[in-house]
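Colleague: Here you go, one structure.
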Amino acid sequence: MFRDGDDGIREPGGNICQSASKKNTTMPVRFLGKMYELTGKEQYKEAVLTAGDYIYNHLYPENKYYGGTCDNPNAVDKEAGVFAMYAYDTLYTLTKDKKWIDCLRQATAFTMSAVLVTSFPIRPNSSDLKAAYPLKYGYTDGSSFIVCGGTGVDNYIAYIYYELFRIYIITGEEIYLKQAEFIQQNTKSIMDWDGKLGYPYRSLVAEASTIFSFGFSSAVDDEGIMGVWLPWSSVANAEPISKMIVEFGAADVMNFKDIPLDELRTRLDQIGVGGKAHRIFLNTVAREID
């Protein structure tokens with residue numbers, strides 16, 4: 001993790017890297033677990049377990065998670081909940097200690113509490129931004145509040161439908177399969193996935209919106225122009241789809257609702273945290289240089 005002064009790099013203004021905080025200890029856990037599986041080096045697993053001890057003793061008892069985004073240090077937010085889900089999944093996968101399943105349930109409930117599950121129509125703004133068009137007809141379910149106590153919503157929760165499917169396999173509880181299907185489906189409404197919104201490229205989606213007043217406004221760029229697209233907004237939708245296809249063979253979680261859990265758990269053991277299934281693609285240019 002970044003520490004103020006590492007390699008001569010100083011903490012930028014506003015504590016944007018949160019280098020003095022331990023509240024985001026959940027964030028590197030999945031990465032470290034993948035590194036352990038990929039390399040077999042025990043120090044990565046030891047780092048996972050050390051982080052797990054801190055999380056279990058200091059963050060889990062609070063039933064809330066902090067610091068999921070570097071531009072909002074130590075805020076209680078759903079992104080932090082997502083990383084807590086990743087962390088507890090990793091800890092269970094590497095140890096098979098069932099205490100992490102209870103933690104996983106807690107982090108999932110925390111995270112899903114930020115998700116809108118009802119639909120209501122939103123008045124379009126005066127600029128007729130295309131992102132407002134689906135919301136005009138009530139496609140608000142699947143959006144999620146960015147920060148606890150805030151009013152902005154975005155599409156970040158799309159990331160976790162693959163993770164929810166994993167949790168269904170781990171726990172055997174159908175509620176997580178239903179949540180996975182909901183997130184899989186309902187996060188696509190405001191995205192130009194089929195080209196009908198007419199964006200220059202498919203998969204574009206506005207970065208964030210405010211809809212609490214039943215009126216639409218969106219994120220703006222440095223010049224005040226409304227309608228900002230950030231790469232993560234599309235990656236949030238693409239990443240879980242690709243993981244489902246690569247690791248399970250199909251994108252739709254409901255393709256697996258009748259598959260015996262023992263069979264799915266065998267596959268999950270083969271995948272591990274993700275390091276076991278990681279594919280190494282050789283850079284052809286680098287190979288030519290060598």
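Colleague: Applying the selection to segment 132-148, what residues are among the small types (Gly, Ala, Ser) and modelled with pLDDT under 85?
Modeller: Within segment 132-148, 132 is the sole residue that qualifies.
Colleague: Within the set of pairs 6 or more residues apart or between chains, which connect a residue that is more than 21 Å from residue 275 (Cβ to Cβ) inside segment 45-60 to a residue that is of a type outside the set (Phe, Trp, Tyr) with Cβ atoms less than 6 Å apart?
Modeller: Qualifying pairs under 6 Å: 54/25; 60/103.
Colleague: Right, another one. In segment 180-192, how many are under 25 Å from residue 265 (Cβ atoms) and surrounded by 24 or more Cβ atoms within 10 Å (Cβ to Cβ)?
Modeller: 3
Colleague: Could you grab me the full set of residues in segment 111-131 that are modelled with pLDDT under 85 and surrounded by 13 or more Cβ atoms within 10 Å (Cβ to Cβ)?
Modeller: 124, 125, 127, 129, 130, 131
Colleague: How many residues, within segment 250-263, are under 24 Å from residue 157 (Cβ atoms) and either in a loop (DSSP other than H, G, I, E, B) or touching a strand residue (DSSP E or B) at 6+ places or on another chain (Cβ under 6 Å) (or both)?
Modeller: 4
Colleague: Does any residue of segment 207-216 turn out to be over 15 Å from residue 132 (Cβ atoms) and not assigned by TED's automatic domain parsing to the domain that holds residue 109?
Modeller: Looking for residues that are over 15 Å from residue 132 (Cβ atoms) and not assigned by TED's automatic domain parsing to the domain that holds residue 109, one finds none in segment 207-216, hence no.
Colleague: Can you name every residue in segment 36-93 that is buried (at least 22 other Cβ atoms within 10 Å of the Cβ), among the aliphatic types (A, V, I, L, M) and within 30 Å of residue 151 (Cα to Cα)?
Modeller: Passing the criteria: 55, 59, 80, 82, 84, 85, 87.
The values are calculated or read from the model by the stated rules, or taken from the named source; none is laboratory data. Predicted, not measured: the structure shown is a model, and the values here were computed from it. No Cβ is skipped: glycine too gets one built from the backbone with ideal geometry, and neighbour counts run over all protein chains shown.
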